[in-house]
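The values are calculated or read from the model by the stated rules, or taken from the named source; none is laboratory data. It should be emphasised that the depicted structure is a prediction, and the values quoted were computed from it without experimental measurement. Here the Cβ is made from the backbone with ideal geometry for all residues, glycine too, and neighbour counts use every protein chain on show. We work out accessible area using only protein heavy atoms, side chains counted, and drop any ligands, DNA or RNA first. Shrake-Rupley method; radii C 1.70, N 1.55, O 1.52, S 1.80 Å.
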Amino acid sequence: MIQEYNNYTQEDFEVWRLLFERQEQNLQNKACKRYLACINEMSEVMRANEVPNFEKINKVLLAKSGWSIHVVPGLIPVEGFFQLLAKKKFSASTWLRKKSQLDYLEEPDMFHDVFGHIPLLMDKEYSAFAQKLGEVGVKYIDNPEIVLQLQRLYWFTIEFGLKAGETQTDIYGAGILSSYGESKGIYTTNPEIKPYNFSSIINQPFRTDQIQTLYFEIESYEQLYDSLNEFDRNMQQQG
Ligand SMILES: [Fe+2]
């Protein structure tokens, strides 16, 4: 599949601009510094007044970190998703929510996939973790228990992760970065925030149909990579 850029309508451009401008401003004092630095570094190809053009983004991403966007029709089976991650290809859809649904989404759209997920792939340590998650997923794809554990890990980190900042918790999970309501809610609704713990996370069921009530806070992206690497080594020894 490819992105049919000419098919985007005026409404698509307007929706992208509304979402981008609102969240760019809202995240200034909420997103982790590395995310803000990355999206700033991509500002030529990821900005409010242009629906993202994957070809242009891929040039910047590939040059910086070796990642690229891989177009998918929507959510894809976990096996293919892990295979793509392992090859530093991030799955993204090309459709955008309607103006009447700015805050209501049943499935991730391009704003979630691109604005939420892509910038941090420019970051070396985050990128190493994301790729490793794909590699470990491919390795254990025939073990449903491990696959579920890795899906939980993905959920509580790449989708809904928080990171200790200088004075407060910062957001790095794409599900929060791309949600106006949830990114505000972190600081106003007093959700439960636990320190990152690999074994707690892989045993923690999650809900996809509501705003999260529990988050895990990491100290660094190295911590993510190291914990996953250790899990992989332990599995191999048991194997
Ligand atoms: Fe996502």
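Return yes or no: is E79 open to solvent by 10 Å² or more (accessible area, probe 1.4 Å) and either aromatic (F, W, Y) or in a helix (DSSP H, G or I) (or both)? Here the answer is yes, as E79 does meet what is asked.
Could you tell me whether region 216-237 includes any residue that is closer than 19 Å to L148 by Cβ, open to solvent by 70 Å² or more (accessible area, probe 1.4 Å) and basic (K, R)? So far as region 216-237 goes, no, none of its residues is closer than 19 Å to L148 by Cβ, open to solvent by 70 Å² or more (accessible area, probe 1.4 Å) and basic (K, R).
For region 193-205, check the following and say yes or no: at least one residue is on the phi < 0 side of the Ramachandran plot and within 16 Å of the ligand (Cβ to nearest atom). No: zero hits. L105 passes every criterion in (1) part of a loop (DSSP other than H, G, I, E, B); (2) within 30 Å of D142 (Cα to Cα); (3) open to solvent by 30 Å² or more (accessible area, probe 1.4 Å) apart from (2). Here is the figure for region 93-121: residues that are touching a strand residue (DSSP E or B) at 6+ places or on another chain (Cβ under 8 Å) and either aliphatic (A, V, I, L, M) or more than 11 Å from the ligand (Cβ to nearest atom) (or both) total 5. Within region 12-37, residues that are farther than 15 Å from Q168 by Cβ reach partners that are open to solvent by 20 Å² or more (accessible area, probe 1.4 Å) and hydrophobic (A, V, I, L, M, F, W, C) with beta carbons closer than 9 Å, at six or more positions or on different chains, in the pairs D12/W95; V15/L102; L18/L102; L19/L102; R22/L102; E24/I39. Per the listing P108, P77, the residue uniquely touching a Ser or Thr at 6+ places or on another chain (Cβ under 7 Å), modelled with pLDDT under 95 and not basic (K, R) is P108.
In the condition set (1) more than 16 Å from the ligand (Cβ to nearest atom); (2) more than 22 Å from Y221 (Cα to Cα); (3) part of a helix (DSSP H, G or I), E135 is compliant with all but (2). The condition of being within 16 Å of the ligand (Cβ to nearest atom), open to solvent by 10 Å² or more (accessible area, probe 1.4 Å) and more than 15 Å from Y8 (Cβ to Cβ) holds for only one of K59, K64, K124, K89, that being K89. Taking the numbered list (1) outside any loop (DSSP other than H, G, I, E, B); (2) within 24 Å of D123 (Cα to Cα) in turn, T167 passes all entries but (1).
Here V114 passes the criteria (1) at pLDDT 95 or above; (2) open to solvent by 10 Å² or more (accessible area, probe 1.4 Å); (3) under 12 Å from the mean Cα position of the chain (by Cα) except the one numbered (2).
Is there a residue being within 15 Å of the chain's Cα centre (by Cα) and surrounded by 14 or more Cβ atoms within 10 Å (Cβ to Cβ) anywhere in region 193-208? No - not one qualifying residue is present in region 193-208. If the condition is being more than 10 Å from the ligand (Cβ to nearest atom) and outside any helix (DSSP H, G or I), then region 170-187 contributes D170, I171, Y172, S179.
Based on this model, can you work out whether D142 counts as charged (D, E, K, R), away from the ligand (no atom under 13 Å from the Cβ), touching a Cys at 6+ places or on another chain (Cβ under 9 Å) and more than 30 Å from Q10 (Cβ to Cβ)? In short, no.
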